[in-house]
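Everything below concerns the one structure shown next.
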């Protein structure tokens, strides 16, 4: 019997094929992930060059941190606002652009184009537009409305950050919804019409169930994405005014890179990881309840 | 699987072994992080470096690495954390306590030429236990730049300054309703302090601070002298009556299309005072070439080079602090202005507030001061709130 049996050779070829991807994810995903976990158990003073094992102390600090609580509240508002606004707007646009009307191609391009714009450039332009004497208030002035100082009020700053992000990314969800809508078989609508169903009834009982897998997908992408929004906050508000827009990931950045608490920063990123994982898992479980074909 | 794990561990060990530090012999190259990208600045720095290399053949390269001032300290500490520390670094005054106390910097006193002639008020921030940990290469007093096309009667007091610039803009270019420490250029005139000398007591709730901040609030929202939050006005383009800024900014006025002059900071209720911004250069202890870097720092800051640097960065050597020497390298500023703003400023000035854990204090105070920047703010209440927020940070050992 030789060592290189047919079976072994076959296995080796298989391993060699997956090796590049496996090594890549090992080096750039799993090892860093493990290191974050390890850092979170240490006090790492970058300037002094000390690295000291402190066990669960960073996690105890997590529980007692009042600023973290504020940050979680800000994150929840941000995520909720973003998901509700983004998904409903994306679905509305998709339904409108799914009609057989003139000019829909032009509008599809228009609504999708912000997705392709560089994020920081997009945010910087919005920062100028949201100044007290910027074009947003200029436009409001035409209607004799005295616009607020958008980025300096606690509520208006949060609304601004959410809206800027929604307009940037709504096109992506819109395209996904559009593709799903076009996959709904026309005979179903016809049959419903014959049965006397109105437009709303057809939308609720045919469209929604049939595009529910896409709704699940977009809501997962949007929620996970909303927890990772950083550049917009860094450019528009730096977490202010007060701490009203200090979302979790911005707080993590402050702790690690600005305040030099790298160990604690790693602890916050473990928390973020757990939150994202839990939300995704929850949605995945819930899919059985409301996604068609999943029972 | 266990063999695979062993392989990975071995590879990681090999990687870390390579990055272990040991003193290098033979040809060396040095890297200094700076926050200027100004061509004239870099030209001068490179000239000094070339001269040094000519007499030190073992130094093959001295590289000035420009990092944007915005986020400079963050980038620098990230480089250090990533094991890619520079050999030398410019350090902002606000991060001085963190860098000096943490032990990140190597002692340099022995390498500095005539260290005993450095002005004590300027070296204070960079010393620990009698040793010097960075050379204060730039000590730049705050002054009041006045656009004489817009303002005829030069102000002597803050009241006059605000009255004269009502509706015409009195700007604090670096403030942006974020960098609150810049306001110390005003509140020192009221005798207020961010915190006590030992850094343990909060100063924001003091009566002096409340009076000073009430004045600032009124100057913004009632007198409409200081531009409100979110509005940017450029003095150096001629759009403002006055600007509170450091004299190292005078270079921006070289091609100014308007008449201007430079005055010492106006008087507050407590009379004359001066506030300075500072920057030091330190040698990172972890640098493989720390010795060579410290040696270069000694050369970089010797008397001859300090004279050259003085055109951009006011020197702290007693022998150079006279209007005559400074005038040679500062053609834009008149000798009497150099005397009143720079020389008097450096000798009697206090450095902008700085504290251990400065960045966390910065952000906490920034957030706590935000409610102040509204027309109907309750100044006293907001300032008491600042103290409530930063008390635990100041008391931290």
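The values are calculated or read from the model by the stated rules, or taken from the named source; none is laboratory data. What you see is a predicted model; the values in this text were computed from it and never measured. FYI the Cβ positions are ideal-geometry reconstructions off the backbone, even for glycines, and counts take in every protein chain you see.
Enumerate the helices (runs of 4 or more DSSP H) found wholly within the stretch A:194-295, keeping only those where 1 or more residues are away from chain B (no Cβ under 14 Å) and farther than 18 Å from residue A:80 by Cα.
Counting at least 1 such residues, we get A:199-202, A:208-226, A:262-290.
Against the definition (farther than 28 Å from residue B:66 by Cβ, modelled with pLDDT under 95, within 14 Å of chain A (Cβ to nearest Cβ) and surrounded by fewer than 22 Cβ atoms within 10 Å (Cβ to Cβ)), how does residue B:128 come out, yes or no?
yes
Applying the selection to the stretch B:37-48, what residues are surrounded by 16 or more Cβ atoms within 10 Å (Cβ to Cβ) and without any contact (Cβ under 8 Å) to a residue 60 or more places away in the chain?
Correct list: B:45 only.
So, residue B:313, is that one in contact with a strand residue (DSSP E or B) (Cβ under 6 Å, 6 or more places away or on another chain), part of a loop (DSSP other than H, G, I, E, B), modelled with pLDDT under 90 and within 28 Å of residue B:161 (Cα to Cα) or not?
Spelling it out, residue B:313 is indeed in contact with a strand residue (DSSP E or B) (Cβ under 6 Å, 6 or more places away or on another chain), part of a loop (DSSP other than H, G, I, E, B), modelled with pLDDT under 90 and within 28 Å of residue B:161 (Cα to Cα).
Are any of the residues in the stretch B:351-366 in contact (Cβ under 8 Å) with a residue 24 or more places away in the chain, touching a strand residue (DSSP E or B) at 6+ places or on another chain (Cβ under 6 Å) and either away from every other protein chain (no Cβ under 14 Å) or on the phi < 0 side of the Ramachandran plot (or both)?
Yes - at least one qualifying residue is present in the stretch B:351-366.
For the stretch B:80-96, which positions are assigned to a helix (DSSP H, G or I) and within 11 Å of chain A (Cβ to nearest Cβ)?
Those that are assigned to a helix (DSSP H, G or I) and within 11 Å of chain A (Cβ to nearest Cβ): B:80, B:81, B:95.
Answer with yes or no whether residue B:305 is modelled with pLDDT under 95, within 14 Å of chain A (Cβ to nearest Cβ), buried (at least 17 other Cβ atoms within 10 Å of the Cβ) and within 23 Å of the chain's Cα centre (by Cα).
No.
So that you can scan it fast, the table gives a plain yes or no per residue for (1) within 14 Å of another protein chain (Cβ to nearest Cβ); (2) part of a helix (DSSP H, G or I); (3) in contact (Cβ under 8 Å) with a residue 40 or more places away in the chain; (4) farther than 24 Å from residue A:243 by Cβ:
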{"residue": "A:48", "(1), (2), (3), (4)": "yes, no, no, yes"}
{"residue": "A:75", "(1), (2), (3), (4)": "no, yes, yes, no"}
{"residue": "A:82", "(1), (2), (3), (4)": "no, yes, yes, no"}
{"residue": "A:91", "(1), (2), (3), (4)": "no, yes, yes, yes"}
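Looking for something part of a helix (DSSP H, G or I), crowded, with 16+ Cβ neighbours inside 10 Å and in the same structural domain as residue A:240 (by TED's automatic domain parsing) - is there at least one such residue anywhere in the stretch A:101-111?
Yes, the stretch A:101-111 contains at least one residue that is part of a helix (DSSP H, G or I), crowded, with 16+ Cβ neighbours inside 10 Å and in the same structural domain as residue A:240 (by TED's automatic domain parsing).
Does residue A:39 qualify as being within 12 Å of another protein chain (Cβ to nearest Cβ) and in contact with a helix residue (DSSP H, G or I) (Cβ under 8 Å, 6 or more places away or on another chain)?
yes
Find the residue count for the stretch A:17-28, including only residues that are over 24 Å from residue B:85 (Cβ atoms) and within 14 Å of chain B (Cβ to nearest Cβ).
7
Return the residues of the stretch B:241-257 that are crowded, with 24+ Cβ neighbours inside 10 Å and assigned to a loop (DSSP other than H, G, I, E, B); say none if nothing qualifies.
B:241
What's the number of the only condition in (1) closer than 26 Å to residue A:133 by Cα; (2) at pLDDT 95 or above; (3) in contact with a strand residue (DSSP E or B) (Cβ under 6 Å, 6 or more places away or on another chain) that residue B:222 fails to meet?
Only one criterion in (1) closer than 26 Å to residue A:133 by Cα; (2) at pLDDT 95 or above; (3) in contact with a strand residue (DSSP E or B) (Cβ under 6 Å, 6 or more places away or on another chain) is unmet by residue B:222, namely (3).
Check whether at least one residue in the stretch A:124-135 is more than 14 Å from chain B (Cβ to nearest Cβ) and either surrounded by 12 or more Cβ atoms within 10 Å (Cβ to Cβ) or over 28 Å from residue A:252 (Cα atoms) (or both), and report yes or no.
yes
Within the stretch B:120-127, identify whether any single residue is in contact with a helix residue (DSSP H, G or I) (Cβ under 6 Å, 6 or more places away or on another chain) and either in a loop (DSSP other than H, G, I, E, B) or free of Cβ contacts under 8 Å to residues at least 60 places away in the same chain (or both), and answer yes or no.
No, the conditions are met nowhere in the stretch B:120-127.
What's the total number of residues in the stretch B:42-76 that are within 14 Å of chain A (Cβ to nearest Cβ) and either more than 24 Å from the chain's Cα centre (by Cα) or closer than 28 Å to residue B:26 by Cβ (or both)?
1
If you go through the stretch B:77-99 one residue at a time, how many are surrounded by 14 or more Cβ atoms within 10 Å (Cβ to Cβ) and more than 15 Å from the chain's Cα centre (by Cα)?
9
I need the full set of residues from the stretch A:178-201 which are over 18 Å from residue A:116 (Cβ atoms) and within 30 Å of the chain's Cα centre (by Cα), in order please.
Across the stretch A:178-201, the qualifying residues are A:180, A:181, A:182, A:183, A:184, A:200.
Can you tell me which residue within the stretch A:50-72, out of those that are surrounded by 14 or more Cβ atoms within 10 Å (Cβ to Cβ) and under 22 Å from the mean Cα position of the chain (by Cα), is nearest to the other protein chains (Cβ to nearest Cβ)?
In this case the residue turns out to be A:70.
Among the residues of the stretch B:367-385, count how many are part of a helix (DSSP H, G or I) and within 12 Å of chain A (Cβ to nearest Cβ).
8
Taking residue B:144 as meeting all but one of (1) away from chain A (no Cβ under 14 Å); (2) closer than 30 Å to residue A:241 by Cβ; (3) outside any helix (DSSP H, G or I); (4) modelled with pLDDT under 95, write down the number of the exception.
The number of the failed condition is (4).
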